[in-house]
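The values are calculated or read from the model by the stated rules, or taken from the named source; none is laboratory data. Keep in mind that this is a model prediction, so the values were computed, not measured. When we count neighbours, we look across all protein chains shown, and the Cβ atoms used for this are built from the backbone with ideal geometry, even at glycine.
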């Protein structure tokens, strides 16, 4: 597909623009140090993240009524804390820990790359986050978005078709070729392509840590394949 | 109402943050000069704007299927051009003229005020604009929003209840007291208050030009009443 008609870049955010795993380890290590809790926070983050896909699939399949991903993580947190000997963590602290998902830091190339892209393109999130959480993270990570769209706008998660249809409507005014999805996950790009959008893969081979097995590389011939947001800006002439 | 629980400020945009009338006159005067068209552009803008409320009311009442306000303005433009002796304006120029609604400039106090407010609060538009148009205007006017929400998210216009309910859901996670609507229009604040939000009035007594008759002053005791976004930042301790 030609990318010359693209006006808006929509970004997967968790993994593609922000380094959730390192951020969570750093943030919760600080909380642990203050509260006398010693844990393998990387293992904790990895286990926590396993709740993500099954929790969302339950909503998409109709097995469960709409809940934001914030709630899916909170339930998993409440289940995990006793297993780590942390039954006594207060409600305030549980809330603080769960909100770490909106205190994540950008990969080093993200903000410089997006700032270049923002001069030519409209930029928006395209995330399975809840809406307020994405607004908070946009602010925390200084992401120069012109707009945000999230799963909470349609109460379904990627890869439900309603997510891609919403992007085509809101950002393309019905014209998918005006939109490029930028993502570190092949499944997301496959669905965007099926809905007529242009596609850009940013490789994030350490998103899931040093042992990452999936999404190490582009699995289809995406329109653009790069290793950073700055390289994407370069490829798009920004 | 106490404003101490407020976490998110949502802003009416046209009139409250951007000076649509002066911007349109300046922008279209430049277009006119380049194309040999001499007009009273202020009168043109005033007449154009009259299409806004009836066009939206037709959608809200169900008389007409959803159309974005962009389409309402375009229909009025096509109706007006012949009356101004401009039957021969090309499709490209009509599109350019209509897009002026997304090339509007901020009032002088808007960006400095919002930049101060953004340090403490989540900021979002809350506008009857279409979604992409608001993203374009956010960029054009350098509005430091963390998020945007528009009528196109619910396919109804203010003051339809679904607009206020959406803000309470997306920005307040069901808690309206966490949200303050900032607007230059008393009707909008009255509906926000009815839905449980805090309210701030910014007086824009020249939004409609020197002869403005409505919304010259606060018509109820809004939580905050100011004359600029910078004064709002001051009142909120930013």
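Consider residue B:135 against the criteria (1) surrounded by fewer than 22 Cβ atoms within 10 Å (Cβ to Cβ); (2) without any contact (Cβ under 8 Å) to a residue 24 or more places away in the chain; (3) within 9 Å of chain A (Cβ to nearest Cβ): it satisfies all of them except one. Which criterion is unmet?
(1)
If residue B:125 meets every condition in (1) over 24 Å from residue B:154 (Cβ atoms); (2) in the same structural domain as residue B:231 (by TED's automatic domain parsing); (3) not in a helix (DSSP H, G or I) apart from one, which number is that one?
Unmet condition: (1).
I'm told residue A:118 meets every condition in (1) within 14 Å of residue A:18 (Cβ to Cβ); (2) within 14 Å of chain B (Cβ to nearest Cβ) except one. Can you identify the failing condition by its number?
(1)
Which one of the conditions (1) surrounded by fewer than 24 Cβ atoms within 10 Å (Cβ to Cβ); (2) in contact with a helix residue (DSSP H, G or I) (Cβ under 9 Å, 6 or more places away or on another chain); (3) in contact (Cβ under 8 Å) with a residue 24 or more places away in the chain; (4) within 14 Å of chain A (Cβ to nearest Cβ) does residue B:179 fail to meet, given that it meets all the rest?
(1)
Of the residues B:32, B:62, which single one is in a loop (DSSP other than H, G, I, E, B), away from chain A (no Cβ under 14 Å) and surrounded by fewer than 20 Cβ atoms within 10 Å (Cβ to Cβ)? Quick ask: steps written out before the conclusion?
Working: B:32 fails: in a loop (DSSP other than H, G, I, E, B).
The unique qualifying residue is B:62.
Of the conditions (1) part of a helix (DSSP H, G or I); (2) surrounded by 17 or more Cβ atoms within 10 Å (Cβ to Cβ); (3) out of contact with any strand residue (DSSP E or B) (no Cβ under 6 Å at 6 or more places or on another chain), residue B:156 fails just one. Which one is it?
(1)
Would a scan of segment B:76-97 turn up a residue that is on the phi < 0 side of the Ramachandran plot, part of a loop (DSSP other than H, G, I, E, B), under 20 Å from the mean Cα position of the chain (by Cα) and not assigned by TED's automatic domain parsing to the domain that holds residue B:128?
Initial filter on segment B:76-97 (on the phi < 0 side of the Ramachandran plot): B:76-84, B:86-97.
Filter once more, keeping what is part of a loop (DSSP other than H, G, I, E, B): B:84, B:86-90.
Imposing the further condition that a residue be under 20 Å from the mean Cα position of the chain (by Cα) reduces the set to none.
No; the residues of segment B:76-97 include none that is on the phi < 0 side of the Ramachandran plot, part of a loop (DSSP other than H, G, I, E, B), under 20 Å from the mean Cα position of the chain (by Cα) and not assigned by TED's automatic domain parsing to the domain that holds residue B:128.
Mind listing just one residue for me: the one in segment B:102-113 that is touching a helix residue (DSSP H, G or I) at 6+ places or on another chain (Cβ under 6 Å) and assigned to a helix (DSSP H, G or I) and, of those, surrounded by the fewest Cβ atoms within 10 Å (Cβ to Cβ)?
At the first step, the residues of segment B:102-113 found to be touching a helix residue (DSSP H, G or I) at 6+ places or on another chain (Cβ under 6 Å) are B:102-105, B:109-110, B:112-113.
Pick out the ones that are also assigned to a helix (DSSP H, G or I) and you get B:102, B:110, B:112-113.
Details: B:102: 20, B:110: 24, B:112: 14, B:113: 25.
Across segment B:102-113, the extreme among qualifying residues is B:112.
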